[in-house]
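The values are calculated or read from the model by the stated rules, or taken from the named source; none is laboratory data. Computed from a predicted structure; not experimentally measured. Here the Cβ is made from the backbone with ideal geometry for all residues, glycine too, and neighbour counts use every protein chain on show. Each accessible area value is taken on the protein alone, full model and side chains, heavy atoms only, with ligands, DNA and RNA left out. Shrake-Rupley method; radii C 1.70, N 1.55, O 1.52, S 1.80 Å.
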Amino acid sequence: MNKPLEQAEMNWTLFSDNNFQDYDDFAQSIRGWGVDFRQLKPGHSPASLQQFGVPDLMVTRFNMSQAYDQRGSTPDKMLTIGFIEAGAGKVHTPDGIVSEDHLWCFSACREFGCSSKADFRAFGLSVSESLLDEVTDTCELTDIHSTLGSNQ
């Protein structure tokens, strides 16, 4: 029998809602992610970042105005699901092309790499492994980590 999840007060925190004129400022502001993006063409490169969350859940949205080679890693101890915003095109990865019709599922601290075109917009939803474990137990699910691909 399923038991109800504990009703905890959610104290959402806004980590960032900024526009940046400099990539280094963007990279220093993003929370949890390891990023090492390289601009593919010379020129001015403003970016934006919106990020908010609670200890077990974080939402990230970013926009890069120029084409970038994107390298980095996802947040530690969190499963991350990523997707490209509608109308923002596609990215090229070592495994093929990813478009707005795809979801990316990353295990904790998983490295990623892709090349994006100008005006790339994407979202990430990061959920703590402990919250996933609680949901698995409460809903009497099988191992949700392997179901969602978090052991990749």
Requested in this report: State whether one or more residues within the range 120-137 are assigned to a loop (DSSP other than H, G, I, E, B) and of a type outside the set (Val, Ile, Thr).
Outcome: no
Report summary line: The one condition Asp17 fails out of (1) at pLDDT 95 or above; (2) farther than 21 Å from Val54 by Cα is (2)
Report task. Select from the range 89-119 the residues that are touching a residue at least 12 places away in the same chain (Cβ under 8 Å), under 28 Å from Leu132 (Cα atoms) and assigned to a loop (DSSP other than H, G, I, E, B) and list them in ascending order. Result -> Glu100, His102, Leu103, Ser107, Ala108, Cys109, Arg110
Query raised in the report: Regarding Ser107, is this residue in contact with an Asp or Glu (Cβ under 7 Å, 6 or more places away or on another chain), open to solvent by less than 70 Å² (accessible area, probe 1.4 Å) and under 23 Å from Pro55 (Cβ atoms)?
Result: no
